[in-house]
Each structure stands twice: as C-alpha cells, then as structure tokens.
Amino acid sequence: MTGHFLRDSPVYQEILEEGKKEGALRAQRQTLRAIVLERFYSLYPLAKKQAELSDDPEILRWVTVKISVAPTEQDAERLLLTISKSDQKN
C-alpha cells in the first residue's frame, strides 16, 4: 500500500519526469556526438562542446538529423554553431 502512495505522489511523479528528461537529453547528446564522429571527425571537439550547451533534447535531435544529411563539413559546423545557451527551456 505504501508503495502505491509514494508512486502516486506529485513529488515522485516530478522526480520521475526529470529522470526521463535527463535520460533523453543524455541519449540525444550521445547520438549527436556519434554521428559527428562518424561523418565529420574533425568537428568532434566542437560537437562535444556544443552538445552540452543546450538542455533541450528536441533542438539537439533537430541538429542531429540535419547533420546526418549535411553535404559538407562547413554545413555541419554551421549547424553545430546554432546550438546555444538560449536554446534552454526554462
């Protein structure tokens, strides 16, 4: 009985949602870095740095998709540089 009470509490639900968001964010950062490493090796240090700037997994997903089809390294670099602190959702 106690377990159900805790799982149904607003605080528990909030913690659970934060954990899901952190997991999604971590996964999206890893995916972005992996694609850049595979396609544009020389941009990997920039990708590592830029991936940590945003706390918005949707922005990181968008950049990841665009980089996966970017025709040139210069296009990929421009995309990475679109990630900024202002992308964070408050």
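A short reminder: the numbers here are calculations on the coordinates, not readings from a lab. Computed from a predicted structure; not experimentally measured. Glycine also receives a Cβ, built like all others from the backbone with ideal geometry; neighbour counts cover every protein chain displayed.
Per DSSP H run of n ≥ 4, the term is -39500 (n - 2.57); total these for the chain, divide by its residue number, and report the mean residue ellipticity at 222 nm rounded to 500 deg cm²/dmol. Let's see the in-between values first.
Details: 5 runs with 64 residues, N = 90.
Calculated at 222 nm, the ellipticity per residue is -22500 deg cm²/dmol.
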Quiz item: Considering lysine pairs in the chain that are 8 or more places apart or on different chains, how many have Cα atoms under 17 Å apart?
Solution: 5
Quiz prompt | Relative contact order, percent, the stretch 2-87 [alpha-carbon distance under 8 Å, six or more residues apart] | solution = 28 percent
Practice problem: Determine, for ILE59, ILE83, the number of other Cβ atoms within 10 Å of each Cβ, and report the residues in order from fewest to most. | Solution: ILE59, ILE83
